[in-house]
Amino acid sequence: MTIQNTPATRHLTLIIPVYNEADGLRRHLDEILQRLKALPASVSADLLIVDDGSTDATPGIAQALCEQRSDVSLLVLNRNFGKEAAIMAGLDHADADAVVVMDSDLQHPPALLPKMVELWLGGADVVEAVKISRDTRSGLYRYFANVFYRLFDALTGLDLHNHSDYKLLDRKVIEAYRSLPERTRFFRGLVNWMHFPAAQIPFEEPAREAGESKWGALCLLKLSWQSISSFTALPLQLVTVLGGVTFLVSLLLGAKALYDKLSGQALDGFTTVILLLLIIGSVLMFSLGLLGSYVARIYDEIKARPHYLLDHNNSRLPSMASSENDREG
Ligand code: UDP
Ligand code: MG
């Protein structure tokens, strides 16, 4: 009896953003490629590595792999634009029925790929891998991650607790994501916001295999605020509430001060004046800062600069030779 090979009918591209990952990259990519063999015969797959302006040997390692294998391609951004931009570049250039976005450090276990594909073939447009533990992260990291997700949920109504960027997206989700006009992107939030039929796979996040995390504490803080302010203007409305509260307090204090004055009990009140000045001053400065950060967001959006710029000389993309006018942005 001869076994007939079913021709692949759907194509999947794995988008892997990398930034200064030379340490261990080749081993990680080999492991990911190895796992692709477990996908159903009806699905063909390839890798699209997006180098986010690495300054170490990362692009060279990725180029060497591209030269060896026809199922690996490489996009090189001409400087570090950040992971969100790298994901965007991958989505702009992947020509597939679905993509999986995954980290290069094996913290997004490639062993989940067959299950993700199975759920996609079963009808899910989005398959998200959700962390069930973050034990590999420091206690402080977990605490702040928790605070961020609670705050994000309270302000936007989207519960992204333990969500990750490890997601499979069907073609229609990719198109919808690319058609969103905004520049400041929060990938996992926007995918959730688009609300396509989604399936979830829980996974234990393993420790980083090699190298170190690219996010310092300050960078994470900046990203957290960027994510919240790109999603909701509610903090601006909270400023009005804050104004209301200080107004009420000032009415009470004003009435008391007047009463003290009229009844002849008015004291020097120097401390009270200083305290009031400090409180009102900081509320005003805080409100101005908040307003300023939203104005800055509008400024960034209006400039409408591209999300990323490509380094055409170092990229290795099959379509690149023929396409002169790559869509950047
Ligand atoms: N990354 C990127 N651009 C950056 C920072 C990170 O493309 O500016 C990539 C990085 O190489 C890795 C993935 O994004 O493949 C996740 O980064 P990392 O492991 O540092 O994040 P963490 O797992 O600590 O959240
Ligand atoms: Mg990582």
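Take the Cβ atoms of residue 208 and residue 11, set R0 to 22 Å, and the FRET efficiency comes out at 0.15. What is the log10 of I(q)/I(0) for the range 32-135, computed with the Debye formula using one identical point scatterer on each Cα and no solvent, at q = 0.11, 0.23 Å⁻¹? For the range 32-135 at q = 0.11, 0.23 Å⁻¹, log10 I(q)/I(0) is -0.38, -1.46. Rounded to the nearest 10 degrees, the inclination of helix 139-156 to the longest alpha-carbon principal axis of the chain is 80 degrees. Only Cα pairs under 8 Å and 6+ residues apart enter the sum, and on that basis the relative contact order of the range 190-329 stands at 23 percent. Angle, helix 25-36 long axis vs. longest principal axis of the chain, Cα atoms, 0 to 90°, nearest 10? Orientation of helix 25-36: about 70 degrees from the principal axis.
Under the 0.36 nm per residue contour assumption, what length would be gained going from the current alpha-carbon distance of residue 251 and residue 196 to full extension?
On the way: separation 55, 0.36 × 55 = 19.80 nm, distance 4.98 nm.
In short, 14.8 nm is gained.
Under the convention that each Lys and Arg Cβ holds +1 and each Asp and Glu Cβ holds -1, the size of the dipole of the chain around its Cα centre is about 780 debye. Counting Lys and Arg as +1 and Asp and Glu as -1 over every other residue whose Cβ lies under 13 Å from the Cβ of residue 57, the net charge comes to -3.
Restricting to Cα pairs below 8 Å that are 6+ residues apart, what does the relative contact order work out to for the range 73-209? Please round to a whole percent. Dividing the mean separation by the residue count of the range 73-209 yields 40 percent. Taking 0.36 nm per residue of separation and subtracting the Cα-Cα distance, full extension of the segment from residue 26 to residue 233 would add 70.2 nm.
Assigning unit charges at the beta carbon (Lys, Arg +1; Asp, Glu -1) and nothing else, what dipole magnitude in debye, to the nearest 20, does the range 141-236 show about its Cα centre?
On the way: 12 positive and 10 negative charges, 58 e Å.
Magnitude of the dipole: close to 280 debye.
Where does the Debye-calculated log10 I(q)/I(0) of the chain sit at q = 0.08, 0.12 Å⁻¹, using only Cα point scatterers of equal weight, no solvent? Each listed q corresponds, in turn, to -0.47, -0.88.
Do any of 83/167; 83/303; 172/303 go past 24 Å between their Cα atoms, and which? The pairs that break the limit, which is 24 Å between Cα atoms, are 172/303.
What 222 nm value per residue comes from the helices of the chain, counting each DSSP H run with n ≥ 4 as -39,500 (n - 2.57) and dividing by all residues, nearest 500 deg cm²/dmol? Working shown, then result.
Numbers: 10 runs with 156 residues, N = 329.
Mean residue ellipticity at 222 nm (helix-derived): -15500 deg cm²/dmol.
Electrostatic tally near residue 163: other residues with Cβ closer than 9 Å to its Cβ, Lys and Arg +1, Asp and Glu -1, net 0. Entry note, the chain: relative contact order of 21 percent, from Cα contacts under 8 Å with a spacing of 6+ residues.
Towards the positive end of the charge dipole of the range 80-129, with charges on Cβ (+1 Lys, Arg; -1 Asp, Glu), say which of 94, 106, 121 has the farthest Cα. After comparing all options, I get 106. For chymotrypsin sites (Phe, Trp or Tyr not before Pro), the sites in the range 201-231 that DSSP calls loop and that have at most 14 other Cβ atoms within 10 Å are 215.
Taking the C-alpha atoms only, the angle from helix 234-262 to the longest principal axis of the chain is near 10 degrees.
Projected label points at residue 64 and residue 312, each 7 Å from Cα along the beta carbon direction, are separated by 2.8 nanometres. Label zone (residue 176, point 7 Å along Cα-to-C-beta; backbone nitrogen cut-off 18 Å) within the range 197-218: 197-201.
Within the shell of other residues whose beta carbon sits under 10 angstrom from the beta carbon of residue 72, the net charge comes to -1, with Lys and Arg scored +1 and Asp and Glu -1.
Which GluC sites (Glu not before Pro) does the range 190-233 hold that lie in a coil by DSSP with at most 10 other beta carbons within 10 Å? Let's see the in-between values first.
Working: sites: 204, 209, 212; in loops: 209, 212.
Passing both the DSSP loop test and the Cβ count: 212.
No lab work stands behind these numbers, since they all come straight from the coordinates. Bear in mind that the values here come from a model prediction, so they are computed numbers and not experimental data. Using ideal geometry, Cβ is built from the backbone for each residue, glycine included, and neighbour counts are taken over all protein chains shown.
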